[in-house]
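This report concerns only the one structure given below.
The values are calculated or read from the model by the stated rules, or taken from the named source; none is laboratory data. Every value quoted in this text rests on a predicted model; they were computed, and no experiment measured them. Cβ placement follows ideal geometry from the backbone for every residue including glycine, while neighbour counts extend to all protein chains displayed.
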Amino acid sequence: MKVGPFLLILLIPPLLALVVAYYAESSLFKQLESFAKPKRTSFQIPQMVNIPEPTFDRENIKALRRLFKEEEERSFKTPRGVPLPKPAQRQEKQEKPPPSYTLSFVFLGPEGNYAIINGRVFKEGDRVSPDERIVKITKEGVVLEGRWGRRWLYINR
C-alpha cells in the first residue's frame, strides 16, 4: 500500500493531537503534585522570657486602693432627674438593716410607670413597706425613700 500525500495530511493532525495531549497531561499532573505536596518550613520555638513575680508592699497596696476609690467616685452617676441625697439628709445607721427587695420588671407607659417588686405590682407613690415608699420609677430601676434614706433598686438579670 502506497501512502500518498492525501493520506499523510489526514493522519498527521490526530497524531500531533495525541502527542500534545500526552505532554500537556504529564506537565499538568507534575504541577498538581507539586502543589499537593506539603512544603517543609522550619520555625523556631520562641525563647521563654522570665517574668519576675510582682511584689506588693504596703505602699503599693495603699496606692492601688486610692486609685480604685478615685475611679469609683468619678464613674458613679445617677439617672437624670434623680438627685443624689445630700450628706445632711443621710441618716445614721439604724438598729436594723434595710429590707432587701427583688425588682424583676419595670414598665414605663403613658398612663404611669409600674414596677414588679417581690412579685407584687407597684406604681410611683405606693408604699413597699410601712417604712418605705416608691419615689420614682425609671428604666434603670426604682428609687425608694423612707427610714433608710433614698436608695436604688436595680433590675435583677
Can you give me the number of residues within segment 129-151 that are in contact (Cβ under 8 Å) with a residue 12 or more places away in the chain and either in contact with a Cys (Cβ under 7 Å, 6 or more places away or on another chain) or farther than 15 Å from S104 by Cβ (or both)? 16
So which of V143, V128 is under 18 Å from N156 (Cα atoms), at pLDDT 90 or above and under 33 Å from the mean Cα position of the chain (by Cα)? V143
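Take segment 107-125 and flag every residue that is small (G, A, S) and closer than 20 Å to N156 by Cβ. Please lay out each step first, then the result.
Start the filter on segment 107-125 by keeping residues that are small (G, A, S), which leaves 109, 112, 115, 119, 125.
A115, G119 - these are the residues of segment 107-125 that are small (G, A, S) and closer than 20 Å to N156 by Cβ.
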